[in-house]
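The values are calculated or read from the model by the stated rules, or taken from the named source; none is laboratory data. Predicted model only: the values in this text are computed from it and were never measured. As a convention, Cβ positions derive from the backbone with ideal geometry for all residues, glycine included, and neighbour counts pool all protein chains shown.
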Amino acid sequence: MEGITVCQPPLPAALVDELLVFWQDIFQTDYRLFRSILNGDEREHNRDVFYLVRDGDRTVGSCHLTFPVADPALGGLGEVATAPAARGRGIASELCAMARDDFRRAGGSALFLGTANPAAARIYHRLGWRKLAGAHAMAHIADGRSPEAFFIDHFATGGSAIIAAGTAAARIPMIPLILCPHDDRLLDANAGWVSTRYADQSSCMGLYPRYAALDAWFCARAGDGRAVGLASARTHGADGCQVDAFTHRLWEDAWEDLLAPAVAWAMPRGSCWMDVLCEDGEKIARAEKLGFRHVGVTRNVGDRTTAAVRLQKSP
């Protein structure tokens, strides 16, 4: 067994192919879309560091640290994997501890990861991660604060939000935004996000791919790069285009400006509409102020079956 190898994209083609198969076999998930990261396509936006343990010519352990170029205080840890034959040797613990320490030395403050494995969660807890309420996710806060205290400080207001088209730069900053509790039950019908105040969020590093797969999406960011809101647009063939948006409650003043580019993208493509849960009355009222009108009810919203109103905006 070799020591730990630390590498950054672009990785050699043979190693890219090997890692994709390694992770796919362990997690039983299609990793083909991950190839672009391994090839270095996100270097403009994110720093990706891979920690590998190899046995001869094959990888038997891995973890993957990601942090944004513009905001290295936030990070995400993923692809924590050990080959079945190499388990029980502390490989995952050693890799995660090294990634955690490197993140902190680089000025990192909050490092997020997702796990639904109780045994893995116990290991992460020993290494300093703490579970987030309402999510199969954990956060390591470098200065010892609780995740709840971190959220309070992280979303403190100050200045105006900047709205721009979504890019991979939001891959990590969107994690605390989606995982912190929100008053609205359904945050974004297009992405399928429900507030962790009402239902467990099962993803962490898998949050960004939901937006990357949409037709168009937009991000509201504070001046220092924090993601404070997200908006989306999704075409539905002849039915037109569905839009949605949400912000952190302390940044609700940005909601109208955030939704505007999604509406502008949708309007030339036919009917522009939103599905909002009946219980999210404040969101309905905000949409009506922007000219959306009640045109019906629906019980199928994203992957949920529940009572909702359909609001449509005319050209």
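Looking at GLY158, GLY134 in this structure, which one is touching a residue at least 60 places away in the same chain (Cβ under 8 Å), of a type in the set (Gly, Ala, Ser) and exposed (fewer than 13 other Cβ atoms within 10 Å of the Cβ)?
On the way: GLY134 fails: exposed (fewer than 13 other Cβ atoms within 10 Å of the Cβ).
None of the others qualify; the one that does is GLY158.
Examine segment 187-196 for a residue that is farther than 25 Å from GLY281 by Cα and acidic (Asp, Glu), and state whether such a residue exists. Break it down into steps so the answer makes sense when it comes.
Taking segment 187-196 and keeping what is farther than 25 Å from GLY281 by Cα, we get none.
Among the residues of segment 187-196, not one is farther than 25 Å from GLY281 by Cα and acidic (Asp, Glu), which makes the answer no.
Would you mind finding the one in LEU95, LEU111, LEU177 that is farther than 18 Å from HIS64 by Cα and not β-branched (Val, Ile, Thr)?
Values: LEU95 fails: farther than 18 Å from HIS64 by Cα; LEU111 fails: farther than 18 Å from HIS64 by Cα.
None of the others qualify; the one that does is LEU177.
Select, from ALA220, ALA165, the only residue that is among the small types (Gly, Ala, Ser) and without any contact (Cβ under 8 Å) to a residue 60 or more places away in the chain. Give the steps one after another, and end with the answer.
Working: ALA165 fails: without any contact (Cβ under 8 Å) to a residue 60 or more places away in the chain.
Just a single option satisfies the conditions, and that option is ALA220.
Can we say VAL6 is closer than 26 Å to PRO173 by Cα, within 21 Å of the chain's Cα centre (by Cα) and either at pLDDT 95 or above or surrounded by fewer than 18 Cβ atoms within 10 Å (Cβ to Cβ) (or both)? Break it down stepwise before answering.
Values: closer than 26 Å to PRO173 by Cα: yes; within 21 Å of the chain's Cα centre (by Cα): no; either at pLDDT 95 or above or surrounded by fewer than 18 Cβ atoms within 10 Å (Cβ to Cβ) (or both): yes.
Taking the combined requirement at face value, the residue does not satisfy it.
Here is a yes/no grid of residues against (1) in contact (Cβ under 8 Å) with a residue 60 or more places away in the chain; (2) part of a helix (DSSP H, G or I); (3) surrounded by fewer than 20 Cβ atoms within 10 Å (Cβ to Cβ):
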residue: HIS140; (1), (2), (3): no, no, no
residue: ASP183; (1), (2), (3): yes, no, yes
residue: ALA199; (1), (2), (3): yes, no, yes
residue: GLY229; (1), (2), (3): yes, no, no
residue: SER232; (1), (2), (3): no, no, no
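Determine whether GLU148 is surrounded by fewer than 21 Cβ atoms within 10 Å (Cβ to Cβ), in contact (Cβ under 8 Å) with a residue 60 or more places away in the chain and in a helix (DSSP H, G or I). Let's see the steps before the verdict.
On the way: surrounded by fewer than 21 Cβ atoms within 10 Å (Cβ to Cβ): yes; in contact (Cβ under 8 Å) with a residue 60 or more places away in the chain: no; in a helix (DSSP H, G or I): yes.
No.
Scan (1) touching a residue at least 24 places away in the same chain (Cβ under 8 Å); (2) assigned by TED's automatic domain parsing to the domain that holds TRP193 for the single condition GLU282 breaks and write down its number.
In the conditions (1) touching a residue at least 24 places away in the same chain (Cβ under 8 Å); (2) assigned by TED's automatic domain parsing to the domain that holds TRP193, GLU282 misses (2) alone.
With the structure loaded, tell me whether GLY108 is modelled with pLDDT of 95 or more and either among the β-branched types (Val, Ile, Thr) or part of a loop (DSSP other than H, G, I, E, B) (or both) or whether it fails that test.
On the way: modelled with pLDDT of 95 or more: yes; either among the β-branched types (Val, Ile, Thr) or part of a loop (DSSP other than H, G, I, E, B) (or both): yes.
Yes.
Out of the residues in segment 225-261 that are under 19 Å from the mean Cα position of the chain (by Cα), modelled with pLDDT of 95 or more and of a type in the set (Gly, Ala, Ser), which is nearest to ALA168 (Cα to Cα)?
Filtering segment 225-261 for residues that are under 19 Å from the mean Cα position of the chain (by Cα), modelled with pLDDT of 95 or more and of a type in the set (Gly, Ala, Ser), the one nearest to ALA168 (Cα to Cα) comes out as ALA227.
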